[in-house]
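In what follows, a single structure is set out as structure tokens and then discussed.
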Amino acid sequence: MMQTTLAQLSAELAPYRAQLVAVSKTYPPERLMEAYACGQRDFGENKVQEMVDKAAVLPDDVRWHFIGHLQTNKVKQIVPFVHLIHAVDSLKLLEEIHKRAEAHGRVIDVLLQCKIAAEESKFGLAPAELDQLMAGGHWVALTHVRIVGVMGMATFTDDEAQITREFATLRAVFEGMKHRYFADSPHFREISMGMSADYALALAQGSTLVRVGSLIFGQRG
Ligand SMILES: *Cc1c(COP(=O)(O)O)cnc(C)c1O
């Protein structure tokens with residue numbers, strides 16, 4: 001039952017002070033409302049149109065997390081209401097979010113997506129590329145985006161030691177950025193890592209935001 005699962009997750013997360021993002025992609029609004037009725041307010045979606053449609057029918061106090069790959073031409077659709085954009089992986093995307101957020105009089109929180117998995121992935125910045133983006137300094141002028149942390153996905157594998165190493169890498173990337181660029185910025189504090197299969201390993205490595213879908217809502221069809 002969803003209520004039991006949410007209560008168990010909440011108890012597991014509490015000692016770590018981590019937050020649960022309920023990944024609701026592909027599930028209909030009725031299922032989100034069920035979680036909402038249990039007190040869940042943070043929801044994660046990976047498609048712009050789906051998130052816009054659901055935001056239109058769910059209560060206003062839902063915090064919408066965009067967790068998928070975001071195309072620059074779709075930024076404007078989510079800027080009015082998005083709470084946190086998890087997977088920013090280019091300066092171009094940061095610039096577009098800044099521009100659209102400025103037009104809306106908002107400052108939008110974002111995470112930089114870092115590639116930590118061994119498998120090939122089209123999205124995310126390798127740690128060296130992330131270093132380059134930060135060292136370039138252009139992001140400093142983008143006053144309508146606020147970089148609040150990093151996000152990553154571990155390899156899809158049963159090898160827990162490998163998953164743990166990858167999460168530890170993301171944690172180290174976070175600490176490096178914190179030290180170099182955000183030492184005086186209390187808002188730089190989020191490490192978004194961990195999904196249904198590996199959130200416990202992520203918590204052990206310092207995750208502050210776990211993105212859990214199927215465990216809460218059931219297998220996607
Ligand atoms: C779908 C998805 C999740 C949740 O996956 P589950 O295995 O259903 O928990 C987490 N993060 C991202 C980026 C996703 O696309």
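The values are calculated or read from the model by the stated rules, or taken from the named source; none is laboratory data. Since we're looking at a predicted model, the values are computed, not measured. Here the Cβ is made from the backbone with ideal geometry for all residues, glycine too, and neighbour counts use every protein chain on show.
Per-residue answers, yes or no, for (1) within 20 Å of Q71 (Cα to Cα); (2) assigned to a helix (DSSP H, G or I):
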position	(1), (2)
A7	no, yes
A11	no, yes
V21	no, no
K25	yes, no
R31	no, yes
A35	no, yes
Q40	no, no
M51	yes, yes
A56	no, yes
**Message:** Against the condition modelled with pLDDT under 95, out of contact with any Cys (no Cβ under 7 Å at 6 or more places or on another chain) and more than 24 Å from A11 (Cα to Cα), how does R220 come out, does it pass?
**Reply:** yes
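Quick grid of which residues meet (1) under 16 Å from I116 (Cβ atoms); (2) in contact (Cβ under 8 Å) with a residue 12 or more places away in the chain; (3) in contact with a helix residue (DSSP H, G or I) (Cβ under 7 Å, 6 or more places away or on another chain):
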{"position": "Q132", "(1), (2), (3)": "no, no, no"}
{"position": "M153", "(1), (2), (3)": "yes, yes, no"}
{"position": "F156", "(1), (2), (3)": "yes, yes, no"}
{"position": "F167", "(1), (2), (3)": "yes, yes, yes"}
{"position": "V173", "(1), (2), (3)": "yes, yes, yes"}
{"position": "R189", "(1), (2), (3)": "no, yes, no"}
**Fill in**
Of the residues in the range 177-204, those that are away from the ligand (no atom under 16 Å from the Cβ) and surrounded by 15 or more Cβ atoms within 10 Å (Cβ to Cβ) come to M177, K178, Y181, F182, F188
**Item:** D109 being more than 16 Å from the ligand (Cβ to nearest atom), acidic (D, E) and in contact with a strand residue (DSSP E or B) (Cβ under 7 Å, 6 or more places away or on another chain)
**Value:** yes
**Item:** Residue satisfying all of: in the range 70-106; of a type in the set (D, E, K, R) and part of a loop (DSSP other than H, G, I, E, B); farthest from the ligand (Cβ to nearest atom) among these
**Value:** R106
**Message:** What's the total number of residues in the range 132-151 that are surrounded by 12 or more Cβ atoms within 10 Å (Cβ to Cβ), more than 16 Å from the ligand (Cβ to nearest atom) and on the phi > 0 side of the Ramachandran plot?
**Reply:** 0
